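J.: One structure, pasted below without further comment.
What follows draws every value from the coordinates through simple rules; no lab data is involved. Not measured: the values here are computed from a predicted model. Cβ coordinates were reconstructed from backbone atoms using ideal geometry, including for glycine residues, and neighbour counts include every protein chain displayed.
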Amino acid sequence: MPGLKWQRSTFCGGGGNNCVEVAIDGERGSVAIRSSVHPEEHVIIGLGAFSALIGHLRTSTAM
């Protein structure tokens, strides 16, 4: 997805080469998610699904 601004968490460690990165595509109403290890591969989900995912991760106790 060219032209998107990829962002990663400030908690990303290990020199930044093993991180989850996200990019919001406001025109399509979606979020792209990829691994910094394989930046050429990504998944695309809707903004609602991404919001639900983040909400679940924030309240999850499984780690």
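J.: Please identify the GluC sites (Glu not before Pro) of the chain that satisfy two criteria: DSSP loop assignment and at most 14 other Cβ atoms within 10 Å. Which are they?
T.: Glu27, Glu40, Glu41
J.: When only C-alpha pairs under 8 Å and at least 6 residues apart count, what is the relative contact order of the chain, in percent?
T.: Reported relative contact order: 21 percent.
J.: In addition: Using the Karplus curve 6.51 cos²θ - 1.76 cosθ + 1.60 with θ = phi - 60°, work out ³J(HN,Hα) for each residue of the stretch 43-53 in order, rounded to whole Hz, and write x for Gly and Pro.
T.: For the stretch 43-53, the Karplus curve yields 10, 10, 10, x, 4, x, 5, 5, 4, 5, 4 Hz.
J.: Using the Cα centre of the chain as origin and beta-carbon charges of +1 (Lys, Arg) and -1 (Asp, Glu), tell me which of Leu53, Val31, His42 is placed farthest towards the positive end of the dipole.
T.: Checking the options against the dipole of the chain, the answer is Leu53.
J.: Determine by what factor the alpha-carbon radius of gyration of the chain differs from 2.2 N^0.38 Å, reporting the quotient.
T.: So the Cα radius of gyration is 1.16 times the expected 2.2 N^0.38 Å.
J.: For the chain, which trypsin sites (Lys or Arg not before Pro) are both in a DSSP coil and crowded by at most 12 other Cβ atoms within 10 Å?
T.: Qualifying residues, ordered by number: Lys5, Arg28.
J.: Still on this structure, I have one more. Treating the beta-carbon of each Lys and Arg as +1 and of each Asp and Glu as -1, no other charges, what is the dipole magnitude of the chain about its Cα centre, to the nearest 20 debye?
T.: With only Lys, Arg, Asp and Glu charged at Cβ, the dipole is about 180 debye.
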